[in-house]
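The values are calculated or read from the model by the stated rules, or taken from the named source; none is laboratory data. Owing to the predicted nature of the structure, the values given are computational and were not obtained by experimental measurement. Cβ placement follows ideal geometry from the backbone for every residue including glycine, while neighbour counts extend to all protein chains displayed. All accessible areas refer to the heavy atoms of the entire protein, side chains included, with ligands and DNA or RNA removed. Shrake-Rupley method; radii C 1.70, N 1.55, O 1.52, S 1.80 Å.
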Amino acid sequence: LPTFLYDESMFDPAKKSQGCLRGYYLKRVFRHIFTGPSSALNPNARRGTKTPKGRSHGMTSPLPRAIAYAAVQA
């Protein structure tokens, strides 16, 4: 798998699934899509005027299909 999908601090070559889908870049792409661009780089940023896409679709936590969608978009 591409390295941007992994959290480098958690990666263990013996356990390749450890740290998978927790990479820094993937998290930023996910936030950009589902909570808005301002929160992607700064989670404490001022909120925008539009409703985030995640909230408008009823997401209360990251769903596996949403994480997969963000990985494809990255």
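Structure values in brief
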read-out	value
Lone qualifier among PHE11, PHE30 - being in contact with a helix residue (DSSP H, G or I) (Cβ under 8 Å, 6 or more places away or on another chain) and at negative phi	PHE30
Residues being surrounded by 12 or more Cβ atoms within 10 Å (Cβ to Cβ), farther than 19 Å from ARG22 by Cα and at pLDDT 80 or above - total across the stretch 40-64	0
Residue in the stretch 19-39 that is more than 18 Å from VAL72 (Cα to Cα), open to solvent by less than 40 Å² (accessible area, probe 1.4 Å) and not aliphatic (A, V, I, L, M) present	yes
